[in-house]
Structures are given as structure tokens and as C-alpha cells.
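Have a look at the structure below before the remarks.
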Amino acid sequence: MGDGPHHQPHVDPLAPLRAPGDPSCDVYLTGTVFLDIIFTGLASAPVRGTESWARGMGSSPGGVANMAAALARLGLKTSLAAAFGDDHYGEYCWDELERGEGIDLSISRRVSGWHSPVTVSMAYEGERTMVSHGHEPPPEEPAPACPPRARAAVASLTPGRRAPWIAEAAKQGTRVFADVGWDDTGAWDLAGLADLEHCEAFLPNAQEAMRYTGTECPRAAAHALTEHVPLAVVTLGADGAYAVDGRTGETAAVPAIAVEALDPTGAGDVFVAGFVTGTLAAWPLADRLAFAGLTAALSVQEFGGSLSAPGWAEIAAWWSRVQSYEDQDPAALSRYAFLERLVPEECVEPWPRRRAVPTIGFRRAT
């Protein structure tokens, strides 16, 4: 199953801020864990009535596990409340997250007789197509009614539906970061995102932000969103990201890092994890955006959502490499100069990371 977190160089981005009496958990999450099966290297989208062969394949925990693994690999103490099937898929996902990534699953549960949800993701031409199957777990709520104390929580908002734990978390002083999926109802009504009132930050993509605000420009959408949430971050795909802090009036825009994407699965979750890390560490807004974009760019160069998330060794290796280019643009390099104080020298050489394995249960020779 891999070597586990004790073999990884440890970087704690919150070390300067930790104090007695702090919550034991940095970030709390709840949601559905899927088993992801990812096919990569497809020449094109599958064509009806034909057979397509992929050059690569991997399996890894998916769904909310993408966010949990990304946070844990950046050094944050992460707690996940989720239901796990008692099948082999569920056992594999539990083991990968708890032993492999060091995620606290003490408030998760195993559900007897319930099979794990599965997603097949096909990556091609920088995009992905997904097919999922699963059933709702038994009616017992997998998330505790009163979530544990945490510095932050990440929530995925659902139009027209409240999640009671979000208000409870905010009441305890937890800083809630929210994203949202595509509104299949077509209403695009911010009033339908009732839990947004409890959130500190909202991180939609450009299309979502413009539809919710009725604007025609992502930057205008970000400013409009600050009427509803203190901090708005709009992701712009290949154009990077733009953020507005409505409390201070501060804005920041950071271009994307150009990379050859192998698999975009989970990149949005990695971006949010990077931004949460920088926010909890009290970095300047532009540094947070740059770090989030960097971690997302590194993640798409590996396949498999949760296990493609970069750790500090990959970040250190990237920083060391880009500084060695003779034709490097000094202005572009200076955008990431904040990494110098974060990355310890012993992290410069990357270690073999846990990646999405082709076959579950396959044992490597030792």
C-alpha cells in the first residue's frame, strides 16, 4: 500500500502560529469517498460502438478524498467524516487515507453491506469524462451533528439545500471555505446557496461566478460576490486566478503555470487546499493564489485525483528546478520567492510518492 507518511520530510506551514489551546484539527471535511479508476493517454473521446485503449491506468480514493489528501500532503492536520463500504474498495480507500496519508478517520464509519461508490474517469486532450455508480449510504448521518473544533473546514455547497454542520462549524469559530458544482437546475440563484452566509471564502470557477452574479467578466463577478462572502476567489483556467478581499479591498491576480496536463482529476481540490493552507498561514493574498495555482499545476502532471496531489518535496524540487533555467524570467520567478523561506533544504530531492496504482491489491516486490 506504500510507505506511509512517516517516510516523508515534514513541513508544517502553520508552525509559527501554533499555540496551546489550538484545535487539534487544522481542517475538517465531510463528504462521499469514491474509488476512482482513471484511464489516461486516450487519443480521443470514446466512440460509440468501438473499443478504446488507454496508455495508462490508475486507481485511488476519490471524491472528498481528493481534498483530504491534498491538505494532508501540505502538512495540515486533516479530519474526515465519511462512510466507507465494507467491501475491498472501501478497505483500500480507508487504508490509503488513514495509514498512507495520515488523515484522521476517527469520526468516519464503515457501513456493513454497503458497497463503495465508484467513478471511472477518462482523461484526454486536457479534459476528462466521468461515469459514476453508487447508492446513498444508510440513513445514519456520516457527519457528526456538531463537527470537531478546527481551524478551517471545506464545504461543497448544494443549491437549494443547507448542510447544518456548516453553521455549527462557523459558530465554533471554524473558518469555512466553500466551492460549488454546476447548477443543473439552471437557476443560478445565490440565495439558493444559503450556507454561503456562514463562509469566509467562496471559490467558484469563472463560469459559475459569472452565472451566479449575472456579470460578463470574471473580475466583475469576484467583486460582486464580496457582497455575499468576505473573500471571493475565481479560478480562470489557463489564465490563472483572481481574488478580492471585500474586508480590506485587496485584490490579486496570478497567471497560471503552463504545464502539459496528464490528468486534470482533482486539480480544483488541490487548488482549494493550497489556498486554504496559505490563508491559515496568514500569507499575503497574491502568495496564496500563486501557491494554490502551483500545487494544482503540479497535480495535473500525475494521474489519479487524490494521489496526484503534491507534497513539499515536489514543491521544493520544482522551485529548485525553475531557478536553474538560464532564460528564466526574473519577474516570473520573483512571484514565487516566498517559497524560499518555506522549503527546507532537505526537501529538495523528491522521494517516491504514493501514486494511483493500476490494480487494487497488487503487491510490489520488497
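The values are calculated or read from the model by the stated rules, or taken from the named source; none is laboratory data. Just so you know, these numbers come straight off a predicted model, no measurement behind them. Protein only, heavy atoms only, side chains kept; ligands, DNA and RNA dropped before computing areas. Shrake-Rupley method; radii C 1.70, N 1.55, O 1.52, S 1.80 Å.
Could you compute how much accessible surface residue 329 exposes when probed at 1.4 Å, giving the result in Å² to the nearest 10?
Estimated to the nearest 10 Å², residue 329 gives 80 Å².
In the full protein assembly as shown, how much of residue 106 is accessible to a 1.4 Å probe, in Å² to the nearest 10?
Roll a 1.4 Å probe over it and residue 106 shows about 90 Å².
Taking a probe of 1.4 angstrom, what is the accessible area of residue 10 in Å², to the nearest 10?
140 Å²
With n ≥ 4 as the cut-off for DSSP H runs, can you work out [θ] at 222 nm for the chain, using -39500 (n - 2.57) per run divided by the number of residues, rounded to the nearest 500?
Numbers: 9 runs with 88 residues, N = 366.
Taking each H run of at least 4 residues, the total per residue is -7000 deg cm²/dmol.
Heavy atoms only, probe 1.4 Å: what % of the accessible area of the chain goes to carbon and sulfur, would you let me know?
On the way: 8890 of 17050 Å².
The C+S portion of the solvent-accessible surface of the chain is 52 percent.
Which order do 57, 67 take by accessible area at a 1.4 Å probe, largest first?
On the way: 57 70, 67 10 Å².
Listed by decreasing accessible area, they come as 57, 67.
Have a look at 192, 293, 58 and tell me which one the Gaussian network model of the chain (Cα, springs below 10 Å) gives the largest fluctuation.
Among 192, 293, 58, the largest GNM mean-square fluctuation belongs to 192.
With the other protein chains left in place, how much accessible area per residue, in square angstrom, belongs to region 189-297 at a 1.4 angstrom probe?
Values: 3920 Å² over 109 residues.
Counting only protein heavy atoms, the per-residue value for region 189-297 is 36 Å².
For region 106-247, what is the Kirkwood hydrodynamic radius in Å, using each pair of distinct C-alpha atoms?
Working: mean 1/r = 0.0587 Å⁻¹.
Kirkwood radius, region 106-247: 17.0 Å.
Taking just the alpha-carbon atoms of the chain, what radius of gyration and Dmax come out, in angstrom?
Looking at the chain, its Cα Rg and Dmax stand at 19.9, 62 Å.
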